[in-house]
1. Would you tally the residues in the range B:135-183 being assigned to a helix (DSSP H, G or I) and either at the interface with chain A (Cβ under 7 Å from one of its Cβ atoms) or among the hydrophobic types (A, V, I, L, M, F, W, C) (or both)?
2. Just one of the numbered conditions (1) over 14 Å from the mean Cα position of the chain (by Cα); (2) in a helix (DSSP H, G or I) is not true of residue B:61; which one?
3. Quick one: would you say residue A:293 is under 26 Å from residue A:266 (Cα atoms), assigned to a helix (DSSP H, G or I) and in contact (Cβ under 8 Å) with a residue 24 or more places away in the chain?
4. For the condition more than 10 Å from every other protein chain (Cβ to nearest Cβ) and either of a type in the set (Ser, Thr, Tyr) or surrounded by fewer than 19 Cβ atoms within 10 Å (Cβ to Cβ) (or both), what is the one hit in A:233, A:264, A:224, A:210?
5. Name, by its number, the condition in (1) modelled with pLDDT of 80 or more; (2) assigned to a loop (DSSP other than H, G, I, E, B) that does not hold for residue A:62.
6. Which condition does residue B:141 not pass, out of (1) under 19 Å from residue A:302 (Cβ atoms); (2) over 13 Å from the mean Cα position of the chain (by Cα), if it passes all the others?
7. Of B:126, B:130, which residue is out of contact with any Cys (no Cβ under 9 Å at 6 or more places or on another chain), in a helix (DSSP H, G or I), at the interface with another protein chain (Cβ under 8 Å from one of its Cβ atoms) and over 29 Å from residue A:181 (Cβ atoms)?
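The values are calculated or read from the model by the stated rules, or taken from the named source; none is laboratory data. Because the structure is predicted, anything quoted here is derived from the model rather than measured. All Cβ positions, glycine included, derive from the backbone under ideal geometry; neighbour counts span all protein chains shown.
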Amino acid sequence: MSDYRSIRVEKGPGGFGGPLTITPTEQRNKVMYITGGGAEPECLAKIVELTGLTPVNGFKTNCPEEELALVIIDCGGTLRCGIYPKKRIPTINVMPVGKSGPMAQFIKEDIYVSAVTSEQVSPAEGAPTPKAEPKAEEPQNTRFTADQKVSETLAKQENKSLVTKLGLAAGKVVNTFYQAARDAIQTCITTLLPFMAFVSMLIGVINGSGFGNAFAAILTPLAGNIFGLVALGVICSIPGLSALLGPGAVIAQIVGTLVGAEIGKGNVAPQLALPALFAINCQGACDFIPVGLGLAEAETETIEVGVVSVMYSRFATGWLRVLLAYAASFGLYAA
Amino acid sequence: MDFIVNLAAGFMNLFTLGGQQFLSWVTGIIPTIVMLLVLMNAVMAMAGEKTVARLAKVCTGNPVLRYAVLPFVSAFMLGNPMALSIGKFMPEFYKPCYYASATYHCHTNNGLFPHINASELFIWLGIANGITALGLDTTPLAVRYLLVGLVANFISGWATEFTTKMVEKQQGITLSREFKAAK
């Protein structure tokens, strides 16, 4: 069955990247979706109809990367949106997310497109075949050339003098740190600052409008004593719900900020900060299981078992973690 | 008329408050974190994956090494999400268990080492800000977060072995307990 057709996918309103042309082949004939805890994204049906690709639910199973023509995700901007572009697998994000998260540098227009609904999907006309990766050029003999820095030329020489070696080593260290600094600033700009801006805006509205008192009335009984915290932990880790609460840890981060605000106002004892840290994050990474196991090169059966197993174990140990933290919190910030 | 003026002033006030909050975070939190990130990114780049891979091969045999030591070191050296890739040195059966532990390690150590999971830092920072607002030092909280995390994450990882056995029975699948070299 070689009935595959190419499609063109454009970015939706507020989206980033694209347009992508997806050309399935005999070997790359599957589309994997890792969205909303296993729910089918709205654009999937049209993509399957147009291309003839076989849909695969990434939450239920997995398939070898070589067979993937396309991945559909609903990442809020932390991890998933970078992982598949990094592997150079064309990626559709149904959320309007641009270059974001720790892997932002891999999110490029030629491999990633976001805010996609079925309206952005259309049959491609005269579809070009995907370009092959440019091959690395054969290394040339060491001579200074216009397209190569002196340091690069020196690094390729075989018999290096001591001075050259020292110089290159020092250069490498400096460059490593410089790159580290670039990455650090990039992290700030792509993830830290946007989150701060978003939460600050929320906090401003909540505090300024008087909603804050209403939130406090709900949160204080939950976060203000150990029983409430255990209950919060149990609720967060209910299998299924835990996967929905996960994406980008956004919900946990907002709850954390609100609980922190209550601690700051004196409504919640500072000692309870420790169990609260565990309670708000019992669902940690439940949305990410298939991708995380994929990173560990797990086989398909392992992912099928692992998704359920990790959700169960989160549920089974969540309350215990909160109690353990409570037990360890005595004497913390004691007056 | 006064009503409209008050309404407009009230509306703008919401965003002034938000702006103040934003400013205090940017000046109070960002500089330290950037400095730490620079150092830790450099350490990760220099020592990085090879060191952890060597350690991983030693650690697979024993539960304490597998769910407490290895994920701790991986999280510290590789950060989230690359720490999860170290699971590839485990037999299939242990991969979900390692995942369960390593993902938690990417949070509980975040108080002292923000480079591990900078994009989800606010789980820690949100609560820690409350402590700062009271004029208290957050370091004792961060240290306890890490230590309790070490124990709790070990338990969570180990418990996953039992849930994995349960799910294996449910689905009628048996995962390999032996490590197979990569295909």
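1. Total satisfying the criteria: 25.
2. (2)
3. Details: under 26 Å from residue A:266 (Cα atoms): no; assigned to a helix (DSSP H, G or I): yes; in contact (Cβ under 8 Å) with a residue 24 or more places away in the chain: yes.
No, not satisfied.
4. Only one candidate qualifies: A:210.
5. Status for residue A:62: all satisfied but (1).
6. (1)
7. Matching residue, one of B:126, B:130: B:130.
Rundown of residues vs (1) touching a residue at least 40 places away in the same chain (Cβ under 8 Å); (2) in a loop (DSSP other than H, G, I, E, B); (3) farther than 17 Å from residue B:114 by Cα, yes/no style:
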{"position": "B:4", "(1), (2), (3)": "no, no, yes"}
{"position": "B:18", "(1), (2), (3)": "no, no, yes"}
{"position": "B:26", "(1), (2), (3)": "no, no, no"}
{"position": "B:32", "(1), (2), (3)": "no, no, no"}
{"position": "B:36", "(1), (2), (3)": "yes, no, no"}
{"position": "B:43", "(1), (2), (3)": "no, no, no"}
{"position": "B:53", "(1), (2), (3)": "no, no, yes"}
{"position": "B:70", "(1), (2), (3)": "no, no, yes"}
{"position": "B:74", "(1), (2), (3)": "no, no, no"}
